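Written below as structure tokens is the structure these notes are about.
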Amino acid sequence: MSDSNYPMTPDKLRSRWWFDNPDHPATTALCIERYMNYGMTLEELSSGKPIIGIAQSGSDLTPCNRHHIELVKRVKDGIRAAGGVPFEFPLHPIHENARRPTAALDRNLAYLGLVEVLHGYPLDGVVLTTGCDKTTPACLMAAATVNIPAIVLSGGPMLNGWRGSERVGSGTIIWELRKRLAAGDIDYEEFLSRATDSAPSVGHCNTMGTASTMNSMAEALGMSLPGSAMIPGPYKERSMIAYQTGERSVAMVWEDMRPSEILTREAFENAIVVCSALGGSSNAPIHINAIARHAGVELDNDDWQRLGHEIPLLANVMPAGAYLGEEFHRAGGVPAVIHELLGAGRLHGDVVTVNGRSLATNVQGRETSDPEVIRRYDNPLVEHAGFINLKGNLFDSALMKTSVISREFRRRFLNDADDPNAFEGKVAVFDGSEDYHARIDDPSLAIDESTILVMRGAGPVGHPGGAEVVNMQPPEALIRQGIESLPCLGDGRQSGTSGSPSILNASPEAATGGGLALLETGDRIRIDLGRGEVRVLIDEAELEARRQRLASQGGYAYPDHQTPWQEIQRSMVEPLDRGMTLEPATKYRDVARRSPPR
Ligand code: FES
Ligand code: MG
């Protein structure tokens, strides 16, 4: 409850402008008469109780988050018990697997919608329900922009998937099975049956894909209660943490604890380090850089390499490892990973988190209870597991997730005694995923075991929102010969559940003048992981001639807009390395303090 020692007092709550405003009696009357029409009492609305919004990301369209419909009942219980009043409202639906052309298109749309709700309605604080990939960054970006007290509640991963005694990880199994299907080992029915084994309960992906990564990032940033990110959706602890999250949201209002206090440069540096130790999704740098931009913190892909590359892989979770969400949670979850990293001096332990305590205090005594699943810092799965940020004459930035470079990949491509970090190959170039599917088996491309597959036209402008298509599989004929993967490079994204060590998120993209637009099938490129370089082995005069030719044709062509939002987003979206944010939106800070709306 409020206390005169707290910075926020009942008379200063922003909801009072709507619900108890003698200077604007008509405003108050119009608000209270309508919120009372479904049974709210005057005492609830205008006696100085914090009004807490609950951004509901669950719906029938969003299965990964759907159990939030039940969970928020416990959030509301917690809010009520702490003396607040809950107001639940919908977030624009984002479901990774069903939304076309891609769910990433809606991250910025959900962000904009949530900013307007948090700014324009009588809310003193907000609980952000998250889960499926883009729901988490959309919510955190909006919280950073609006800057009212905000706390994240993840829905948690699904239970482990099983096929007999084998763990089946969501997403990851699809990338495996499609090779089996292409090789003719299984048929369509078996493909579908095995895929559904990976999704046995409510919750988001049980692998360390983008959903688990981004919810772990929310916790590492200090925006959710310690230990909450990875409690599986159906566990009783999930409902308990929902209650505690609701309770805590009310206290945060009295303490006037805002995202700007939590989302500091140090917090983002912590997120990079934790992400690397988790073997987190290649989408994380996009979303974390975006949240940082909205928080007014400078962060770029050089920071990811500088702070993250040498961090060891501690989480033995698919796709980089062997286990799934349930084991990760039981081994201690994100606090156990933070505990190891703090012990090694890799994190800023004194940053404040949503519970008012420091990151270091939160993880005291929370070491891993299963060092097979969450490794000790000195016994990791992989030594240098973070991203490297590649540059060169084709793009300014592209990321490679080193934790998933397999032994087989090293043997085939990084085996040159003179330079074990570099390899060369000729490229086969595809313009978007339809072109790839139409031509990958075309013998005239002469793809062999040393070809590098290139995907372009898949960035946020070329394919609105950026397509998760860079992890291309080889032609069927090669798969049948046992060549299951080829190096991939592209200006699109790939699923966080993919174990492919692709070079992706190349920025700028082909559609906005990036150098990938100049590549031709048969060109040779050199990939030097030691120097952090990708270069096409063509002289500058020839590249310039190609540039002129492309310009005379009107630049790199991409498909028409299908909807108004696609056109609007394309007109102002920034490249993937800058977070794929809407450029005009990044200048807004502390929007809540501009309330009430004029
Ligand atoms: Fe929704 Fe993976 S598809 S979390
Ligand atoms: Mg995805």
* Within region 101-133, restricting attention to residues that are among the charged types (D, E, K, R) and more than 16 Å from ligand 2 (Cβ to nearest atom), which residue is nearest to GLU468 (Cα to Cα)? -> GLU116
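Here's the yes/no breakdown for (1) surrounded by 24 or more Cβ atoms within 10 Å (Cβ to Cβ); (2) over 13 Å from THR135 (Cβ atoms):
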| position | (1), (2) |
| --- | --- |
| LEU45 | no, yes |
| ASP77 | no, yes |
| GLY84 | yes, yes |
| GLU96 | yes, no |
| PRO101 | no, yes |
| ARG107 | yes, no |
* Structure fact -> Log entry, pairs with first residue in region 108-128 being under 23 Å from ILE288 (Cα atoms), second being modelled with pLDDT under 95 and small (Gly, Ala, Ser), beta carbons closer than 8 Å, six or more apart or on different chains, reads LEU118/ALA592; HIS119/ALA592; HIS119/SER595
* To do: Could you tell me whether PHE395 is aromatic (Phe, Trp, Tyr), outside any strand (DSSP E or B) and closer than 30 Å to ALA510 by Cβ?
  => yes
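Can you go through ASN379, ASN415, ASN355 and tell me which one is buried (at least 16 other Cβ atoms within 10 Å of the Cβ) and assigned to a loop (DSSP other than H, G, I, E, B)?
Unique residue meeting the criteria: ASN355.
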* Structure fact -> Taking region 160-170 and the residues there that are in a loop (DSSP other than H, G, I, E, B) and either of a type in the set (Ser, Thr, Tyr) or surrounded by fewer than 24 Cβ atoms within 10 Å (Cβ to Cβ) (or both), the one that is nearest to ligand 1 (Cβ to nearest atom) would be SER170
* Asked: Restricting attention to region 26-41, which residues are surrounded by fewer than 12 Cβ atoms within 10 Å (Cβ to Cβ) and at pLDDT below 95?
  -> ALA26
* Asked: modelled with pLDDT of 95 or more, surrounded by fewer than 23 Cβ atoms within 10 Å (Cβ to Cβ), on the phi < 0 side of the Ramachandran plot and not acidic (Asp, Glu), is that true of PRO443?
  -> yes
* May I ask you to say which residue of SER216, SER212, SER249 is of a type outside the set (Lys, Arg), more than 16 Å from ligand 2 (Cβ to nearest atom) and under 28 Å from GLY53 (Cα atoms)? => SER249
* Subset of region 264-318 that is among the hydroxyl-bearing types (Ser, Thr, Tyr) and under 26 Å from ARG376 (Cβ atoms) - its residue that is farthest from the chain's Cα centre (by Cα) -> SER276
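Answer yes or no as to whether GLN473 is closer than 23 Å to GLY392 by Cβ and under 26 Å from the mean Cα position of the chain (by Cα). Full working, then the answer.
Working: closer than 23 Å to GLY392 by Cβ: no; under 26 Å from the mean Cα position of the chain (by Cα): yes.
No.
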* Regarding VAL202, is this residue more than 16 Å from ASN362 (Cβ to Cβ), over 16 Å from the mean Cα position of the chain (by Cα), away from ligand 1 (no atom under 16 Å from the Cβ) and of a type in the set (A, V, I, L, M)? -> no
* Filter region 546-583 for residues that are touching a strand residue (DSSP E or B) at 6+ places or on another chain (Cβ under 7 Å), aliphatic (A, V, I, L, M) and assigned to a helix (DSSP H, G or I) and give the result. => MET572, LEU576
* Failed item, numbered, when VAL168 is tested on (1) touching a residue at least 24 places away in the same chain (Cβ under 8 Å); (2) of a type in the set (A, V, I, L, M, F, W, C); (3) in contact with a helix residue (DSSP H, G or I) (Cβ under 9 Å, 6 or more places away or on another chain); (4) within 16 Å of ligand 2 (Cβ to nearest atom) -> (4)
* Is it true that some residue in region 339-351 is in contact with a strand residue (DSSP E or B) (Cβ under 8 Å, 6 or more places away or on another chain), closer than 30 Å to ALA150 by Cα, hydrophobic (A, V, I, L, M, F, W, C) and modelled with pLDDT of 95 or more? -> yes
* To do: Within region 178-218, track down each residue that is of a type in the set (Ser, Thr, Tyr), in contact (Cβ under 8 Å) with a residue 60 or more places away in the chain and in a helix (DSSP H, G or I).
  => THR210, SER212, THR213, SER216
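I'd like to check which helices (runs of 4 or more DSSP H) are fully inside region 220-328 and have at least 3 residues that are over 18 Å from ARG578 (Cα atoms) and either modelled with pLDDT of 95 or more or touching a helix residue (DSSP H, G or I) at 6+ places or on another chain (Cβ under 6 Å) (or both). Walk me through how you get there before you give the answer.
Values: elements: 236-255, 259-262, 265-278, 284-295.
Output list reads 236-255, 259-262, 265-278.
Given the criteria touching a helix residue (DSSP H, G or I) at 6+ places or on another chain (Cβ under 7 Å) and free of Cβ contacts under 8 Å to residues at least 24 places away in the same chain, does PRO564 qualify?
no
The values are calculated or read from the model by the stated rules, or taken from the named source; none is laboratory data. Small disclaimer: the values here were computed from a predicted structure and weren't measured. FYI the Cβ positions are ideal-geometry reconstructions off the backbone, even for glycines, and counts take in every protein chain you see.
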